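A.B. asks: The following block contains the structure, expressed as structure tokens.
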Amino acid sequence: MAVPRIRDRSQDSHKGDYGRVLVIGGSVGMGGSVAMAGKACLRSGAGLVTIATPRDCLSVVAGFEPSYMTRPLDCDVHGRVHEKSLEMVDDLLQTADCVALGPGLGRGPAVDRFVVQLYRNVEAPMVVDADALNALSAHSERMSEPPGARILTPHAGELKRLIPDLLPTREAQLKQATEFASKMGCTMIFKGHHTMVTDGCHEIFNTTGNPGMATGGVGDVLTGVVAGLVGQGYSCWDAAVLGTHLHGLAGDLAAEKYGTASLIASDLLDYLPAAFLSHMGEST
């Protein structure tokens, strides 16, 4: 099963042709997570990106990259999003071609309720990562039959929370991940050595990436890449497969310069353009 090619762009196209992506995440102390996800969306070709984040960390997120927009959300005393912020993102949800949910949200009952409401009610395709996965783990019975397409991006620890009886071997976990994706009607990117993408019926294993990518924030970049592709109209399957490949390729290119010990997540943002160019060359 081949990695999808990157689509050509029309000479007379404009930003509205390449999707509006809404990234929801961040909390005090973890603003970098959602900021990197937002920038990764842009680096992956999204036309317009808006980050909705708690107002207490808005300045940090806004200062990371001037090319995306920001929207402040109400937050609790710990700087985490409050569920009453659902009304504050309603207008953004109406126009979003894709929603990325989770990077840096933090944990708490109000966060959990906020995440569950979005997962259960938003019709736009959604990429779900990090603390949003943790929030859903306590409400897995409400994950089936969402109103729109869903891409989940767990590592083994997050999958363990979604599947409490997760077995210890990678081989067994891959099977359980496929069964879970089938049951929940979602696409899953099960991160790890040779990351697997599955929709419950098909599986493909990614061959890019390296041990240097085992560092904080790398998953947030992946969320942004995949969401950026979905926002442009790629199917969830194609976005997951292509996004995972490009994300790992950016990591490989960064490792060639910095080595695996010194690699950090923001290095992937710098090398995403080269990864796109490299894959476009391979596909011609």
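A.B. asks: Would you mind telling me which residue in Pro125, Pro146, Pro66 has the biggest mean-square fluctuation in a Gaussian network model of the chain, where springs connect alpha carbons within a distance under 10 angstrom?
C.D. replies: Residue with maximal mean-square fluctuation among Pro125, Pro146, Pro66: Pro66.
A.B. asks: Here's a follow-up. If every alpha-carbon in segment 144-272 counts as one equal scatterer, what log10 I(q)/I(0) does Debye give at q = 0.10 1/Å?
C.D. replies: -0.30
A.B. asks: So which aspartates and glutamates can Lys257 reach, going by Cα to Cα under 13 Å and dropping same-chain residues fewer than 8 places off?
C.D. replies: Output for Lys257: Asp267, Asp270.
A.B. asks: On alpha-carbon atoms, Rg over Rh for the chain using Kirkwood Rh?
C.D. replies: Expressed as Rg/Rh, it is 0.94.
A.B. asks: Say R0 is 25 Å: what FRET efficiency, to the nearest 0.05, do Ala261 and His194 get from their beta-carbon distance?
C.D. replies: It comes to 0.70.
A.B. asks: Can you give the direction-averaged projected area of the convex hull of the alpha-carbon atoms in segment 20-135, in nm²?
C.D. replies: 5.9 nm²
A.B. asks: If you place +1 on the Cβ of every Lys and Arg and -1 on the Cβ of every Asp and Glu, how big does the dipole about the Cα centre of segment 23-173 come out, in debye to the nearest 20?
C.D. replies: With Lys and Arg at +1 and Asp and Glu at -1, about 300 debye.
A.B. asks: Counting only residues 5 or more places away or on other chains, whose amide H sits under 5 Å from the amide H of Thr53 once H atoms are built in the peptide plane?
C.D. replies: Long-range HN contacts for Thr53: Arg71, Leu73.
A.B. asks: Excluding residues fewer than 8 places away in the same chain, name every one of the lysines whose C-alpha is closer than 26 Å to that of Lys15.
C.D. replies: The qualifying lysines are Lys39.
A.B. asks: Going highest first, how would you order 243-252, 67-76 by mean Cβ packing within 10 Å?
C.D. replies: Going from most to least packed, we get 243-252, 67-76.
A.B. asks: Further, regarding this structure: For segment 179-204, list residues with backbone N below 15 Å from a point placed 7 Å from the Cα of Lys160 toward its Cβ?
C.D. replies: What the label zone holds, given the 15 Å backbone N cut-off, is 191-192.
A.B. asks: In nanometres, what is the gap between the two model label sites at Ser59 and Arg107, each 7 Å from Cα along Cα-to-Cβ?
C.D. replies: 3.0 nm
A.B. asks: Could you list which residues have their amide H under 5 Å from that of Val127, counting only those 5 or more apart in sequence or on another chain, with H placed in the peptide plane?
C.D. replies: Val99, Ala100, Leu101, Ile151
A.B. asks: Top mean-square fluctuation among Gln176, Gln94, Gln232, Gaussian network model of the chain, C-alpha springs under 10 Å?
C.D. replies: Of Gln176, Gln94, Gln232, the most mobile in the Gaussian network model is Gln94.
A.B. asks: Expected output is a single nm value to one decimal: the length gained when fully extending between Arg9 and Phe205, i.e. 0.36 nm times separation in residues minus the C-alpha distance. What is it?
C.D. replies: Extra length from Arg9 to Phe205 when fully extended: 67.8 nm.
Each value in this text was obtained by applying a stated rule to the coordinates, not by laboratory testing. Since we're looking at a predicted model, the values are computed, not measured. All Cβ positions, glycine included, derive from the backbone under ideal geometry; neighbour counts span all protein chains shown.
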